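The values are calculated or read from the model by the stated rules, or taken from the named source; none is laboratory data. As the structure is a computational prediction, the values presented were derived from the model and not from experiment. Every residue, glycine as well, gets a Cβ built from its backbone with ideal geometry; the counts of neighbours run over all protein chains shown. SASA here: full protein model, heavy atoms, side chains in, ligands and nucleic acids out. Shrake-Rupley method; radii C 1.70, N 1.55, O 1.52, S 1.80 Å.
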Amino acid sequence: MMFDRIRVYDAGRFHDVDLPDWYHEANRLSETEHVDWHRAFERVLDCEYTLLTEEGQLGAGLEIRFWPSEMQGILVLIETPLAIVEQVVILNPTDWLPFLTKYLAPLMASSAQFASATMLARIGNALIARARHGDGSHMDRETGESRIDLDTDWKRRRAERLRAAAERRCEGGPA
């Protein structure tokens, strides 16, 4: 995803501005010198990022990083493993805590709750599959569901479709 503007948080308000020069430089480093996107920001902002969420959690999906640059402000990057969701620059350090508590904390909490719910669903599926079919390689590693149950469900749906098709043929055929 390509951005042509960046959001700035200032005194409790958001506004969009053109991308700053350091952003273009990070983009150039990433594309031409094949520097990791996050490391490119570290180089141009002259600071390391801090990760506020679990990195690469499949269930949660959101990763929130921030770079506290003394010269450029605080860059906050909210992304999924597939795309950037939002990028915000906080120019005044006194705005960091209000931004964190009002916007990032609720986002991180809901992301963590979603990850917990997803993990509990996987655990529940695995327990049900084990109780129904015993230990074995029939459990899907990603979902915890039983492949035996999935195959049975597929066969049941297929049989229902065949019965429905046969009934349609009988109803619409010659008398």
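Checking each residue in the stretch 108-126 for being exposed (fewer than 15 other Cβ atoms within 10 Å of the Cβ) and under 15 Å from the mean Cα position of the chain (by Cα) picks out ALA109, SER110, GLN113, SER116, ALA117.
Considering the conditions (1) at pLDDT 80 or above; (2) under 22 Å from ALA40 (Cβ atoms); (3) not basic (Lys, Arg), GLU55 is excluded by exactly one of them, (1).
Considering the stretch 154-175, the residues that are outside any helix (DSSP H, G or I) and open to solvent by 100 Å² or more (accessible area, probe 1.4 Å) include one that is modelled with the lowest pLDDT, namely ALA175. A Cβ distance below 9 Å, combined with a sequence gap of six or more or placement on separate chains, defines the contacts here; from the stretch 101-128, residues that are under 12 Å from THR53 (Cα atoms) reach residues that are exposed (fewer than 14 other Cβ atoms within 10 Å of the Cβ) and not charged (D, E, K, R) in the pairs ALA115/LEU58.
Take HIS15 and decide whether it is surrounded by fewer than 11 Cβ atoms within 10 Å (Cβ to Cβ), out of contact with any strand residue (DSSP E or B) (no Cβ under 8 Å at 6 or more places or on another chain) and free of Cβ contacts under 8 Å to residues at least 24 places away in the same chain. Here the answer is no, as HIS15 does not meet what is asked. Cβ-Cβ contacts under 7 Å between residues 6 or more apart (or on different chains), taken from a first residue in the stretch 142-153 that is outside any helix (DSSP H, G or I) to a second residue that is open to solvent by 80 Å² or more (accessible area, probe 1.4 Å) and at pLDDT 70 or above, are listed as GLY144/ILE123; SER146/ARG132.
Counting the residues of the stretch 92-148 that are modelled with pLDDT of 85 or more and in contact with a helix residue (DSSP H, G or I) (Cβ under 7 Å, 6 or more places away or on another chain) gives 0.
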